[in-house]
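I have placed the structure first, in the form of structure tokens, so that the comments after it can refer back to it.
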Amino acid sequence: MLFHVLLLITFIIVILIYEWKHYQGRDRYVFVMLFALASIYLLAAIVDWRIPEYVQGVDFLLSPLKKPLQAWLDQFQI
Amino acid sequence: MEQKISSIQFTVLVFMNTLGTAIIFIPTIATRYGRENGWITVIFATLLGMVFILWLTTLIGQEDDTNFFKIMDNRVGKLISYCLILLMVSFIFFTTFANIWSIAQFVSLQILMGTPPQVLALISTFTGLIAVRYGLEVIVRSAEIFFPFTMLSLTLLALLVWPEAQLIRVQPVMQLNQAATFVGVLPVIALTYMELIVMLVVLPHVNDLRQAKKAFLIGGGLAGFCIIIVTFAAIAVLGVDGTVRHAYSIYVLGQNIQIAEFFERIEVLVAFIWFITIFFKVSTCFYFLSIALQHMLKVKNYHSLTVPLGMILLATAMTNLPNIFYDFEMMNSTYLILSYITGLTVATVLSLAMLIRKYKEKVK
């Protein structure tokens, strides 16, 4: 795991150096914000931190529709 | 720089996008519902899918703008447009990481056994990232190059399994399970034609819009025809039980190819079809997400969003879908609902806005 984290840190540094000069103004600001967010998210995935999952969120939002639909569809499936 | 593509290139891109995940999962899903009529389920799904495509083509008028999201802003106002874009982004985001993870899982389980799917997901995301950074024109030109190869692989697969086919396995035709045959159309459309809303962002880039609408229909129809043939072949060769039991039934279909004890185990043909089509699907969805975020975050250059977006897609793919059984459950529940909500809401709201505008112009 330590090796993966080190690889991620190296990747972050290289990408930041490479991309930084390509963008100016708002583009650079948005890039840095999103990149920081994405780096934390990827780190969380690597070190197995429990963070809210996207699919679970969508699942929760659609749960009122999901159960009746699944029950209905199950009648027709093998 | 404004990017322009031809109607033929658009046809090819629609074909690749429709075939993407569908070619490997649809035979199993359709047969689960329709059993020996699974191929008829796909025929109905294709017909209804064509109607949906026809509806999608009416959503883009004669606007000068090539940015679909700006067209939406002009048509429905910023607030409603923002909500619709958010809905589309959530759906396409789901499609993209699910596709990345499904190809990674497939390769890890069937071809490069023992290779962690995370590494394969990283490679898939990276290739998609490179494609998106090169731009839409490069994506469609590569699609054009790979189209003959995909068609050749599909034709070879359909022809070479023919000696193993037994027509008794697809009989009786529409005598049993009629209701299930029709109900099966729902998940099939969700996995194929509903996902084509992603093409709305490419449609305004086509040189001739009238030709583009035809191209949309031809691409969708051709892909539907290929899925019908593959589903029919899967049932005729593997039987209903064989098709349902295997998660990747078309791959098993490829394993059945034996010609004169010389050509054997050329199932990698199937893998090629899937690699190529899913690459274009991931690239197009990635492009859609980049352009949508560019519009929402008011950024000048969408390239600045691609790397973070790729990292988020990779992390989500690695953590959100634990195994293939969960994927199938998703396809029949959450994903199905999300895909219909997104596809139908976007199409209905844009159509209503168009009708109201026409009515107002008439009244004036």
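Structure notes:
- Summed over the stretch B:200-225, the residues that are under 26 Å from B:Thr41 (Cβ atoms) and open to solvent by 10 Å² or more (accessible area, probe 1.4 Å) give a count of 5.
- Among the candidates B:Gly61, B:Gly38, residue that is within 23 Å of B:Leu136 (Cβ to Cβ) and not polar (S, T, N, Q): B:Gly61
- Residue within the stretch B:242-259 that is of a type in the set (S, T, N, Q), within 14 Å of chain A (Cβ to nearest Cβ) and within 19 Å of B:Ile85 (Cα to Cα) present: no
- Subset of the stretch A:2-38 [among the hydroxyl-bearing types (Ser, Thr, Tyr) and more than 8 Å from every other protein chain (Cβ to nearest Cβ)]: A:Thr10, A:Tyr18, A:Tyr29
- Residue check: A:Ile51 meets all listed conditions (1) at pLDDT 90 or above; (2) open to solvent by 40 Å² or more (accessible area, probe 1.4 Å); (3) facing chain B (nearest Cβ under 9 Å) but one, namely (1).
- Residue that is touching a Phe, Trp or Tyr at 6+ places or on another chain (Cβ under 8 Å) and within 14 Å of another protein chain (Cβ to nearest Cβ), where the choices are B:Val183, B:Val170: B:Val183
- Selection from the stretch A:1-42 of residues that are open to solvent by 50 Å² or more (accessible area, probe 1.4 Å) and of a type in the set (S, T, N, Q): A:Thr10, A:Gln24
- Count of the stretch B:244-289 residues which are at positive phi and touching a helix residue (DSSP H, G or I) at 6+ places or on another chain (Cβ under 8 Å): 1
- Near pairs, Cβ below 7 angstrom, 6+ apart or cross-chain, from the stretch B:98-122 (open to solvent by 20 Å² or more (accessible area, probe 1.4 Å)) to any residue that is aromatic (Phe, Trp, Tyr): B:Gln110/B:Tyr248; B:Gln110/B:Tyr251
- The stretch B:324-343, residues that are without any contact (Cβ under 8 Å) to a residue 60 or more places away in the chain, more than 7 Å from chain A (Cβ to nearest Cβ) and of a type outside the set (Phe, Trp, Tyr): B:Glu329
- Selected residue (criterion: farthest from B:Gln3 (Cα to Cα)) from residues of the stretch B:267-304 that are in a loop (DSSP other than H, G, I, E, B) and open to solvent by 40 Å² or more (accessible area, probe 1.4 Å): B:Lys298
- Hits in the stretch B:235-254 - residues which are in contact (Cβ under 8 Å) with a residue 12 or more places away in the chain and more than 20 Å from the chain's Cα centre (by Cα): B:Ile235, B:Ala236, B:Val237, B:Leu238, B:Gly239, B:Val240, B:Thr243, B:Val244, B:His246, B:Val252, B:Leu253, B:Gly254
- Answer from B:Ala315, B:Ala347, B:Ala353 - the residue that is open to solvent by less than 10 Å² (accessible area, probe 1.4 Å), more than 10 Å from chain A (Cβ to nearest Cβ), at pLDDT 85 or above and part of a helix (DSSP H, G or I): B:Ala347
- Failed item in (1) within 8 Å of another protein chain (Cβ to nearest Cβ); (2) within 17 Å of B:Thr319 (Cα to Cα); (3) at pLDDT below 90, with A:Tyr41 passing the rest: (3)
- Whichever residue in the stretch B:1-58 is open to solvent by less than 20 Å² (accessible area, probe 1.4 Å) and of a type in the set (Phe, Trp, Tyr) and, among such residues, is nearest to B:Gly224 (Cα to Cα): B:Phe15
Yes or no, residue by residue, for (1) part of a helix (DSSP H, G or I); (2) more than 14 Å from B:Phe225 (Cα to Cα):
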{"site": "B:Gln3", "(1), (2)": "no, yes"}
{"site": "B:Ile8", "(1), (2)": "yes, yes"}
{"site": "B:Val14", "(1), (2)": "yes, no"}
{"site": "B:Ile24", "(1), (2)": "yes, yes"}
{"site": "B:Thr28", "(1), (2)": "yes, yes"}
{"site": "B:Gly34", "(1), (2)": "yes, yes"}
{"site": "B:Ile40", "(1), (2)": "yes, no"}
{"site": "B:Phe44", "(1), (2)": "yes, no"}
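- Residue in the stretch A:28-38 that is closer than 24 Å to B:Met88 by Cα and either in contact with a strand residue (DSSP E or B) (Cβ under 8 Å, 6 or more places away or on another chain) or of a type in the set (D, E, K, R) (or both) present: no
- Note on the stretch A:58-74: residues that are of a type in the set (D, E, K, R) and more than 7 Å from chain B (Cβ to nearest Cβ) total 2.
The values are calculated or read from the model by the stated rules, or taken from the named source; none is laboratory data. All figures in this text were calculated on a predicted structure; none of them were measured in a lab. For neighbour counting, all protein chains shown are included, and Cβ atoms are generated from backbone atoms with ideal geometry for every residue, glycine included. The protein model used for the area step is the full one, side chains on, heavy atoms only, and it has no ligands, DNA or RNA in it. Shrake-Rupley method; radii C 1.70, N 1.55, O 1.52, S 1.80 Å.
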